[in-house]
Number of protein chains: 2
Amino acid sequence: MDKPVAIAVLGAGNGAHAMAGHLALKGFTVRLYNKFADEIAQLREQGGVTVEGVVEGFGRLELVTAHIAPALDEVQVVMVVVPAFAHRFMAEACAPHLQDGQVVVLNPGRTGGVLEFANVLREKGLAAQVKIAEAQTLIYACRISGPARVMIQGIKKRVPLATLPATDTPAVMEVVRLLYPEFTPAANVLETSLDNIGAVFHPTTVVLNVNRIEAGEVFDFYGGMTPTGTHLLEAIDQERLAVAQAFGVEMESAREWLLSTYEGVHGETLYECIQSNLAYAGIKAPTSLNARYIFEDVPTGLVPIASLGSLAGVPTPLCRAIVNVCCALFDRDFWTEGRTAENLGLSGMSVEEILEFVNTGDGLSPEPSFQAGGRAHEQRQTHIRCSWGRTRWQGHGR
Amino acid sequence: MDKPVAIAVLGAGNGAHAMAGHLALKGFTVRLYNKFADEIAQLREQGGVTVEGVVEGFGRLELVTAHIAPALDEVQVVMVVVPAFAHRFMAEACAPHLQDGQVVVLNPGRTGGVLEFANVLREKGLAAQVKIAEAQTLIYACRISGPARVMIQGIKKRVPLATLPATDTPAVMEVVRLLYPEFTPAANVLETSLDNIGAVFHPTTVVLNVNRIEAGEVFDFYGGMTPTGTHLLEAIDQERLAVAQAFGVEMESAREWLLSTYEGVHGETLYECIQSNLAYAGIKAPTSLNARYIFEDVPTGLVPIASLGSLAGVPTPLCRAIVNVCCALFDRDFWTEGRTAENLGLSGMSVEEILEFVNTGDGLSPEPSFQAGGRAHEQRQTHIRCSWGRTRWQGHGR
């Protein structure tokens, strides 16, 4: 495949500013789309974004728009850089305008990002052949530092990425590595999805500090963690690892992840590892309860982890406890609005069927009579077939 | 019944100091038992307790002992004044030494106090005919103010009390009103047990403040509650009310209880009522996580509320969530050590059978063949018969 001539960046937050500016500085043609025009007024006025930090310069943008159609038209890569709770909206917005051969990357997907995005596209009757991938994390550590200006504090050296189905990952890697050589292939989207440390750290720590966050007390988010509170995080992490294991994914624990990711981290317990991590020093807790630590990490983290656990017969009483507490605290039904097996279109599937689905795009039929394949099998599998970037399902569409 | 000549006070905390001293000052013969001799060394040395506050004087004690037998011998009333998690121990200690006609009162029972106490006595094969009651709350607001000295800040005007079975409540009232005219009869022990506001307020508020309590931050327990956090307390309170309703008990909500109990309280929400309660002003949060707010109110509050809810088919996801979180935080299995239907000897009973049991001392048989009564019925019911203060079960004992 030729070098992409154009990239659409969807979003206007810290990550989208950094990615649009940096990719433009790398020489790519970059368009930026955001739903709310007022959030991109400065970018439009200045015609691009000023990047500072580990990258410096002015990244000129070809187009800054609140209209999705021109943003997507004839680009080769669509970089979705929004909170995961906005993935559903982005999929709905993109569905009518995606074009054959385009690659969509969620930066990052959180838990179940591609599964949800693809499910929405299928619901919307997408006809184009596209490939959808999710990154395990956002490649940048960055912060908007002024109007149309972003500070990039760091660029991660390695970001795992997976496509649905996994058989498409090599083809996607060929494209996205032109943008970021840091992308590395993951086994499948279950691996990128369940490698969600934020879901372990964020909502629970907010719950353990609700009163003082709401009272406006300023304190260190990680530095303020205590041995007993961190013990709970460790137990929640064990539930995540058990769910991953049920799906055949061996995953680093949060503690192991800290040890392998950050320099100088040491300790026998998660508490000790967090407190020895200099990268966490001074990071303040949210100053409001209206934070992504709840409204992103519960519906697109703890909810799908618990729901996948249920599907696999792995109990997750603590993930469920924190979700239930958050539902009551914030008067929201995260079990309905979040990513459950039902909402992801996986309802009623077995672990084996889901693995087959994420690895190959096909679902196994639970009935032996269908397992011989053939036309009946083909039709029955439509509802769980991965359709994007493939032609098989055309004619079965809703 | 004549005026009781002797009372045993079991315990050596704030409440036991106040009760022993005050009852002695009222002219009763009072003995005090406590398991740990070092906690009563000063009481023994001084021969009594100095009371200050709304009552003043020196209450001389007939006996201060770490031996249960002489404490109970020939007293008429046994006042158990210990944290509810110690009721099991007290029942085990008392069982061999209780005597016919004695009245035992748990001050207070928390949720399921009498049910547990009676169940332990039955397990231990108690032969004596005793009556066991629970108060809904401790009659005193008090604090140990020095060696063998206690400050009584207030005496509640009305303390509901119930006996198991409820048909024994009038006879018990005759006795205990000689000690405290403030005792008023409650419908049954489900009413006194489910009227547990501490179970609603305490563990959850500790959970919402785990990090700063463990860090040693000083803050107001009630004053530090915030609108969102209190919203969760309100939702937990709704679960408690739903469980009570399933057992035919109409109960004040926590908000209504604040409005009816304290002067000057006002507000549309629980948050507003708590913040307008001058009696809560300045009450500090525990300075350690090793607090009764967890270790009493979880196993003898949230656990039995959730377990009774299960038995009645009332979901209590938030009570369960807080219990599960506390199990993980403190590495304890509160579901095993706490008061569940199983631990209370109620396993497998229906709501109707439990109501029959607490009201009359009999359990209904689920099988129609037993409902005609007779010998088979008598024998089958042994395991759920209220035996104390009655003779029926003798001969069927374990």
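Data for the structure
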read-out	value
Modelled FRET efficiency - R0 41 Å, A:A279 with A:E352, Cβ distances, 0.05 increments	0.55
Mean Cβ neighbour count within 10 Å, used as a protection proxy, ranking A:201-207, A:31-37, B:247-253 highest first	A:201-207, A:31-37, B:247-253
Highest-fluctuation residue, A:L190, A:L232, A:L311 considered, GNM on chain A with Cα pairs under 10 Å	A:L232
Hull-based mean projected area of chain A, where the convex hull spans the alpha carbons, in square nanometres	19.0
Accessible area of the protein assembly as shown belonging to carbon and sulfur atoms, whole % at 1.4 Å probe	50
Mean separation of Cα contacts under 8 Å (6+ apart) over length of chain A, as relative contact order %	15
Check: the protein assembly as shown dipole with +1 on Lys, Arg Cβ and -1 on Asp, Glu Cβ, in debye	80
Area buried, chain B against chain A - accessible surface, total, 1.4 angstrom probe, square angstrom	2400
Neighbour net charge for A:V64 - beta-carbon separation under 14 angstrom, K R +1, D E -1	0
Per residue, in Å², the accessible surface of region B:1-147 once ligands and nucleic acids are set aside, probe 1.4 Å	36
For region B:213-257, residues shielded by at least 30 square angstrom of accessible area compared with the chain on its own, probe 1.4 Å	B:E214, B:E217, B:T226, B:T228, B:H231, B:L232
DSSP-defined antiparallel bridges as percent of all bridges, region A:4-115, nearest 5	20
Proximal charge balance of A:R320 [Cβ under 10 Å; K/R count +1, D/E count -1]	0
DSSP-defined antiparallel bridges as percent of all bridges, the protein assembly as shown, nearest 5	35
Only Lys, Arg (+1) and Asp, Glu (-1) charged, at Cβ; region B:149-191 dipole about Cα centre in debye	300
Computed magnitude of the charge dipole of region A:1-150 (debye, nearest 20; Cβ of K, R +1, Cβ of D, E -1)	180
Helix-derived mean residue ellipticity, 222 nm - over chain B, DSSP H n ≥ 4, -39500 (n - 2.57), to 500	-11000 deg cm²/dmol
Förster radius 45 Å - calculated FRET efficiency between B:Y262 and A:S288 (Cβ-Cβ, nearest 0.05)	0.90
Distance between region B:243-321 and region A:95-136 - C-alpha centres, whole angstrom	47
Shielding by partners, peptide A:309-318 (average Cβ within 10 angstrom, other chains)	1
Antiparallel bridge percentage (DSSP; both residues within region B:89-237; nearest 5)	60
Most fluctuating residue given options B:A118, B:A235, B:A166, as computed from a GNM of chain B linking Cα atoms under 10 Å	B:A235
Accessible area per residue, Å², region B:251-328 with all protein chains present, probe 1.4 Å	40
Local electrostatic count, A:M151, Cβ distance below 9 Å [Lys/Arg +1, Asp/Glu -1]	+1
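The values are calculated or read from the model by the stated rules, or taken from the named source; none is laboratory data. Quick caveat, the model's predicted, so the values are computed rather than measured. In this analysis, Cβ positions are derived from the backbone assuming ideal geometry, glycine residues included, and neighbour counts consider all displayed protein chains. These area figures cover heavy atoms from the full protein model, side chains too; ligands, DNA and RNA do not enter into them. Shrake-Rupley method; radii C 1.70, N 1.55, O 1.52, S 1.80 Å.
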